[in-house]
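Heads up: the structure comes next, in structure tokens.
Read-outs throughout are calculated quantities, based only on the coordinates presented, and are distinct from any laboratory measurement. Only a predicted model underlies this, so the values are computations on that prediction, with no experimental measurement involved. No Cβ is skipped: glycine too gets one built from the backbone with ideal geometry, and neighbour counts run over all protein chains shown.
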């Protein structure tokens with residue numbers, strides 16, 4: 001991240017990115033990327049090189065998509081977004097790790113996971129995660145500030 005790009009600017013760019021993603025506004029969605037950005041999908045072993053290829057991949061995706069941002073955490077040049085990505089209404093819990101250079105994403109890694117049932121043997125150690133209110137729109141999503149360092 002260069003000195004002229006504040007964390008507030010990056011947070012605003014991320015919110016705009018996810019709102020555009022949810023709205024299928026592919027032009028706005030991809031403004032956040034450097035021309036030479038890299039997008040990795042470790043689970044499938046795919047790497048997309050360049051903003052044009054990242055955008056082309058997403059515009060050709062046949063499923064209806066919807067994004068529900070849960071949290072955005074980050075500082076400096078490293079930001080993490082946690083969200084639920086719905087493909088044709090089927091949820092995938094997703095984490096996006098974005099590395100910024102000069103105010104744009106230079107490298108993104110995304111991890112996707114389908115929901116799964118809790119194992120009965122763990123029930124004595126765990127409690128259910130409270131359901132969160134559904135996000136009405138991306139701009140109203142929960143945005144979490146980084147915790148202050150422990151002293």
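For this structure, a couple of remarks:
- Viscosity 0.692 mPa s, temperature 37 °C, Stokes-Einstein D of the range 7-115 from Kirkwood C-alpha radius, µm²/s: 236
- Averaging Cα coordinates gives a centre for the range 71-87 and one for the range 34-70; these two points are 15 Å apart.
- FRET E, pair residue 112, residue 80, Förster distance 22 Å, beta-carbon r, rounded to 0.05: 0.90
- Estimated distance in nm for a label pair at residue 127 and residue 93, the labels positioned 7 Å out from Cα along Cα-to-Cβ: 1.7
- Over the range 27-88, relative contact order from alpha-carbon pairs under 8 Å, at least 6 apart, %: 23
- Stretchable slack from residue 56 to residue 27, in nm (0.36 nm times residue separation minus alpha-carbon distance): 9.4 nm
- Shown for 33, 86: other C-beta atoms within 10 Å of each C-beta, ranked fewest to most, produce the order 86, 33.
- Extension reserve of the residue 34-residue 12 stretch, reckoned as 0.36 nm per residue once the Cα distance is removed: 6.3 nm
- The range 7-115, relative contact order [Cα under 8 Å, separation at least 6], %: 24
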